[in-house]
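One structure below.
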Amino acid sequence: MEDFIERRIIIGAIVSNDFMSKAREIIDPSLFLSDTAKQLIGWCLEHYDAYGNVPERDIEGIFAQKVRDGDVGKDRVEWFDNILSGLSEEYERKSFNADYLYDQCSKYMKERSLRFLSDCIRDEVDSGRLTDAETLVHSFMPTVDEGVGDVVEPFGRESIKHYEEAFKERENPLFKLPKAIGDMMNFELVRSGFISFMGEEKIGKTFFLMELAIRAASAGCNVAMFQAGDMTRNQQLRRFAIRMARKSDQERFCGLIWIPEADCALHQADDCRREQRERSSRLGLQSVKSVWELKYDDLVRLSKDNAGHACCRNCSDMMGVPWLRARQPVNPLTWIEGYRKAREFESRYKAKMKLATYANDTLTIREIFSKLKLWERKYGFVPDVIVIDYADLLAPDGDMYELDYRNRINSIWKRLRRLSEEHRCLVITATQAAASSYDKPLLRRSDFSEDKRKYAHITAMYGLNQTNEEKKIGIMRINELDVRESFFERVRTVKVLQRLQMGRPILTSYW
């Protein structure tokens with residue numbers, strides 16, 4: 001265990017300025033167990049103190065120079081090589097969970113300092129120097145002010161770094177969504193966030209969760225996805241492949257299909273005189289109102305008759321409406337094509353994702369914590385984003401069975417929030433809407449299922465809304481049900497264009 005955490009601290013000291021800015025004051029090379037680790041962490045601290053940043057790739061030059069100078073014994077060269085050879089992926093990563101590593105480093109420094117003190121006291125006692133042993137006890141100063149809570153002086157001079165961190169977190173989402181849906185959600189896609197989607201059965205919650213997992217991975221995040229029993233491993237892999245290839249493995253979805261694009265109602269009604277407007281054939285629509293009333297069959301007919309219509313998105317006053325574009329028949333996706341697309345994605349984005357699939361009513365919060373600890377120790381994999389499909393399918397931990405059903409639900413959601421806080425990561429999940437929502441055009445806060453206290457633990461809850469006609473066209477309306485740190489209007493929606501037959505729940509979006 002000591003060798004593992006020391007390696008993780010060294011990697012952070014080599015590649016992450018965020019980590020070192022927090023950990024510099026608590027890292028003591030003398031407390032490391034390995035002499036080689038002491039030497040390497042010492043080089044990192046020297047570089048950071050001299051230049052104000054971590055060495056990154058310069059560590060290779062530092063190592064080479066130390067070898068030439070004879071500062072590195074032959075017996076330690078292999079250990080250094082093993083550390084440095086494992087850094088190539090870390091250099092490419094756009095996201096590094098510095099906060100979580102700092103927490104682990106704090107605990108380790110605390111443990112090592114206490115063990116060192118214990119050994120010193122024991123030596124003094126064994127030698128009969130009891131007064132000296134007492135002096136050691138009274139003179140001990142903790143290396144880290146660590147306990148169950150996180151203590152800070154909000155008005156003190158030393159709080160400057162905490163204020164910088166707090167504001168930086170908001171300004172730098174782990175990944176971003178484009179256009180209107182990004183305007184709605186990006187501020188919530190941050191470390192220690194806990195967001196959920198609410199919708200009725202089969203509305204596409206899993207599609208959204210998988211899409212966010214993919215977009216997080218493409219942004220350089222480590223992503224852990226837990227399937228709690230809604231889908232099998234094979235079903236999920238097929239969906240990933242379909243999303244990458246933009247076509248289905250089923251022949252029935254590979255014929256001519258109509259893909260929605262964003263257009264402007266004023267443009268379609270020929271009621272715009274702006275110079276930047278796209279040129280287009282006239283559709284014969286009499287007013288903007290007639291544009292809003294178009295059904296799927298109307299859009300298909302117009303698209304067939306006006307194949308050259310150019311959608312217009314050229315100004316900020318765009319009044320968003322869908323237009324349909326034909327995609328000609330394609331050959332069904334094969335497994336080898338899907339595998340190649342997945343490999344291309346990994347190669348392009350250096351994406352790291354782990355997918356754990358469980359049978360229904362078997363995945364617990366305790367199992368998630370256990371699996372994350374295993375992945376960290378075995379692979380050095382620390383997630384930036386955790387996706388759980390989905391929270392309502394989680395089984396209670398053993399200590400929850402004495403609670404009634406509603407309090408079990410509340411405890412599960414509290415522990416999901418704890419997961420985001422302790423691992424300093426973004427947790428994304430979904431939940432079913434109550435039956436009361438089935439005939440409503442727009443979800444309300446009252447449409448929660450099982451327990452309203454879900455709202456108490458999330459940082460943001462979004463509603464998924466769709467009529468049968470919208471489903472045919474490829475429109476999903478998303479509204480904000482609860483957002484902890486934002487002013488929002490629950491009746492205002494973002495319209496997301498999608499085509500699930502090709503695995504794409506987010507093609508584009510507009511208000």
Query raised in the report: What ranking do GLU489, GLU470 get, fewest neighbouring Cβ atoms within 10 angstrom at the top?
Result: GLU489, GLU470
Report task. List the residues of the stretch 183-200 whose backbone N lies under 18 Å from a point placed 7 Å from the Cα of PHE487 along the Cα-to-Cβ direction. Result -> 183-185, 187-188
Report task. Grab the Cα-Cα distance for ASP3 and SER370, subtract it from 0.36 nm times how many residues apart they are, and report the gain in nm with one decimal. Result -> 130.2 nm
Requested in this report: Neighbouring Cβ atoms within 10 Å as the yardstick, rank ASP58, ASP126, ASP384 fewest first.
Outcome: ASP126, ASP58, ASP384
Report summary line: With 0.36 nm assigned to each residue of separation and the Cα-Cα distance removed, ARG340 to LYS440 gains 31.8 nm
Query raised in the report: How do GLU6, GLU450 line up, fewest other C-beta atoms within 10 Å first?
Result: GLU450, GLU6
Report summary line: Rounded to the nearest whole number, the Stokes-Einstein translational diffusion coefficient of the stretch 2-139 at 10 °C and 1.306 mPa s (Kirkwood radius, C-alpha pairs) in µm²/s is 97
Report summary line: Ranked output for segments 354-364, 314-324, 156-166 by mean other Cβ atoms within 10 Å, highest leading, reads 314-324, 354-364, 156-166
Query raised in the report: Counting alpha carbon pairs within less than 8 Å and at least 6 residues apart, what relative contact order, in whole percent, applies to the stretch 256-327?
Result: 56
Report task. May I ask for the angle, rounded to the nearest 10°, between helix 365-379 and the longest principal axis of the chain, with both axes built from Cα atoms and the value confined to 0 to 90°? Result -> 70
Query raised in the report: Between the stretch 406-421 and the stretch 243-259, what is the C-alpha centre distance in whole Å?
Result: 38
Requested in this report: Identify all lysines with a Cα-Cα distance to LYS205 below 16 Å; exclude those on the same chain that are fewer than 8 residues away in sequence.
Outcome: LYS471, LYS495
Query raised in the report: What is the packing order of peptides 129-136, 389-396, 173-180, taking the mean over residues of other C-beta atoms within 10 Å and listing the highest first?
Result: 389-396, 173-180, 129-136
Query - Theoretical gain in end-to-end length, GLU171 to GLU153 [0.36 nm per residue, Cα-Cα removed] - result: 4.2 nm
Query raised in the report: From the Cα gyration tensor of the stretch 349-493, with a ≥ b ≥ c the square roots of its eigenvalues, which class applies: rounded if a/c is under 1.5, or else prolate if a/b is larger than b/c, or else oblate?
Result: prolate
Query raised in the report: Just how far, in whole angstrom, is the stretch 1-57 from the stretch 105-122 if you go by their alpha carbon centroids?
Result: 18
Query raised in the report: Here are several values of volume of the Cα convex hull per residue in Å³: [x] 161; [y] 213; [z] 268. Which one was derived from the coordinates shown?
Result: [y]
Query raised in the report: Excluding same-chain residues fewer than 8 positions from LYS373, which aspartates and glutamates have a Cα within less than 18 Å of its Cα?
Result: GLU2, ASP3, GLU6, ASP99, ASP103, ASP384, ASP397, GLU421, GLU422
Query - Set of lysines near LYS304 by C-alpha distance (under 19 Å), chain-local residues within fewer than 8 positions excluded - result: LYS295, LYS472
Requested in this report: Starting from the Cα gyration tensor of the stretch 256-327, take the square roots of the eigenvalues, sort them a ≥ b ≥ c, and report rounded, prolate or oblate (rounded when a/c is under 1.5, otherwise prolate if a/b is larger than b/c, else oblate).
Outcome: prolate
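Throughout, read-outs are computed from the coordinates displayed, never taken from laboratory work. Keep in mind it's a predicted model, so treat the numbers as computed, not measured. Here the Cβ is made from the backbone with ideal geometry for all residues, glycine too, and neighbour counts use every protein chain on show.
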